[in-house]
Amino acid sequence: MWKYSLRGLCKQVSLCVVLLLPVTSVGAVAAARTENPVLAAHAKSAVLMDATTGTVLFEKNEHERLPIASVTKIATMLIVFEAIDRGQVRLTDSIRTSDYAASMGGSQIYLQAGEQMTLRDMLKGIAMSSANDAAVAVAEHVAGSEANFVHLMNTKSRALGLRDTHFANTNGLPHANHYSSAYDVAVLSRSLLEHHGVTQFTGAYSDHLRQNSGKPFWLVNTNKLVRFFRGMDGIKTGYTAEAKFCLAASAKRLHFRVIAVVLGEPMAPTRNAEVTEMMNYAFSHYDIKPVYQRGQTVTLAPVMRGQLQAVAVSATRPVGLLVNKMDQSVTGRVVNDLRPLVAPVKKGQFAGVVKIVDGDKVLLSVPLIVTANIGKASMLEMLGRSLRSQFLFGVTAH
């Protein structure tokens, strides 16, 4: 149990809030790169990104608007996982396939009109086999229609600050007003990976659908790197004649997760080889220095008029600093930004953010939440504190 004088507590917390970890700031985000590597030579556009801080490690025509084919389904899965997290839908939901969903061409799991399948199995089809029919069926289940779901996809894109993205459908089938960029796809991928359980779908190499029926369907991940590249666990391939071969890939080794995006590659083997080269460059040149794990106490936040005058607050997801292995420099610094708390305070209540900042740029902002309930202090307790504070202040003054 904590017992502090309010004066002493505020002094301690103020020190915590302005705490800057001893690191070497490297200026702008792009300055984390110590060289200009020749990567993704055959791609029209490419980005290599640290998933923790969003720092771009390599870029090539990163904001060029291009068709992205089934890489679109990253945004589709993002909207679905947000609905799951809200409790709006569940993985066990049984989804009925509409005539429209069953009519989709291209990659599919051959859903029949009226066929029912769980959301979990449809997500397997979307993530592993790039199923256009499952993408539409899931969209209709979540939002009532594909059009409503596409509106959610575009709204989310704007909320993420994506300037070079617009969706016209849920599956990436060719459309004149359907495009994104390598940078925007990396940001969407980073957002998707924040959701628990995503990689059980994107990182699986093979699985089955309709196992207990007369027509079992074998799934094999279209991203073969999940089997052959150490740490690869997603995310999504794409191909149309217009978009060529595309891939948004993710790999994690220990604390360090990397996202690599290539668009417009001429052939699948070239695409896979260039993504492998990008990943190898990232893991050989950079690492993440963990600062806080998910759920770890970050600091104490003062509580006004509470039974306790402070409460521990924790990070809602991991926080780390990008390290350049070549010279051991670290990009950014850690700042805790707390908000005032007034009792009663509930466990899980928002209490501020912990940020990684580099100059005037915020690389990462992770919510802080309260770890315990704090009741409101009685009038008698508040009076006692006031008297003790006056007494201590008087003693200090003399």
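The figures follow:
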| read-out | value |
| --- | --- |
| Of residues in the range 228-242 being closer than 17 Å to ASN280 by Cβ and surrounded by fewer than 21 Cβ atoms within 10 Å (Cβ to Cβ), the one nearest to the chain's Cα centre (by Cα) | GLY231 |
| GLY306 being modelled with pLDDT under 95, surrounded by fewer than 19 Cβ atoms within 10 Å (Cβ to Cβ) and out of contact with any helix residue (DSSP H, G or I) (no Cβ under 9 Å at 6 or more places or on another chain) | no |
| Condition met for ALA147 (at pLDDT 95 or above, at negative phi and buried (at least 22 other Cβ atoms within 10 Å of the Cβ)) | no |
| Residue satisfying all of: in the range 362-388; in contact with a Phe, Trp or Tyr (Cβ under 9 Å, 6 or more places away or on another chain) and aliphatic (A, V, I, L, M); nearest to THR52 (Cα to Cα) among these | VAL366 |
| Test result for THR299, in the same structural domain as GLN328 (by TED's automatic domain parsing) and out of contact with any Leu (no Cβ under 7 Å at 6 or more places or on another chain) | yes |
| Residue among VAL345, VAL366 that is within 26 Å of SER250 (Cβ to Cβ) and touching a residue at least 24 places away in the same chain (Cβ under 8 Å) | VAL366 |
| Single residue of the range 212-226 satisfying the filter (assigned to a strand (DSSP E or B) and touching a residue at least 40 places away in the same chain (Cβ under 8 Å)) that is farthest from VAL47 (Cα to Cα) | PHE217 |
| Residues within the range 35-59 that are under 22 Å from PHE256 (Cα atoms) and touching a strand residue (DSSP E or B) at 6+ places or on another chain (Cβ under 7 Å), tallied | 17 |
| Failed item in (1) under 22 Å from the mean Cα position of the chain (by Cα); (2) in contact (Cβ under 8 Å) with a residue 24 or more places away in the chain; (3) closer than 16 Å to THR53 by Cα, with GLY359 passing the rest | (1) |
| Qualifying residue in the range 135-152 (condition: assigned to a loop (DSSP other than H, G, I, E, B) and under 28 Å from ASP233 (Cβ atoms)) | no |
| Residue within the range 282-295 that is in contact with a Ser or Thr (Cβ under 6 Å, 6 or more places away or on another chain) and without any contact (Cβ under 8 Å) to a residue 60 or more places away in the chain present | yes |
| Selection from the range 296-312 of residues that are closer than 18 Å to VAL353 by Cβ and without any contact (Cβ under 8 Å) to a residue 60 or more places away in the chain | GLN296 |
| Test set (1) surrounded by fewer than 24 Cβ atoms within 10 Å (Cβ to Cβ); (2) on the phi > 0 side of the Ramachandran plot - ASN169 fails condition number | (2) |
| Residue selected from the range 323-345 under the condition among the β-branched types (Val, Ile, Thr) and touching an Asp or Glu at 6+ places or on another chain (Cβ under 7 Å), by the criterion modelled with the lowest pLDDT | THR331 |
| Restricting the range 247-272 to residues that are farther than 18 Å from THR55 by Cα and touching a helix residue (DSSP H, G or I) at 6+ places or on another chain (Cβ under 7 Å), the residue that is surrounded by the fewest Cβ atoms within 10 Å (Cβ to Cβ) | ASN272 |
| Unmet criterion (only one of (1) modelled with pLDDT of 95 or more; (2) under 25 Å from GLY105 (Cβ atoms); (3) not in a helix (DSSP H, G or I)) for LEU162 | (2) |
| Residue within the range 321-344 that is over 16 Å from THR53 (Cα atoms), polar (S, T, N, Q) and surrounded by 17 or more Cβ atoms within 10 Å (Cβ to Cβ) present | no |
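The values are calculated or read from the model by the stated rules, or taken from the named source; none is laboratory data. Keep in mind that this is a model prediction, so the values were computed, not measured. Every residue, glycine as well, gets a Cβ built from its backbone with ideal geometry; the counts of neighbours run over all protein chains shown.
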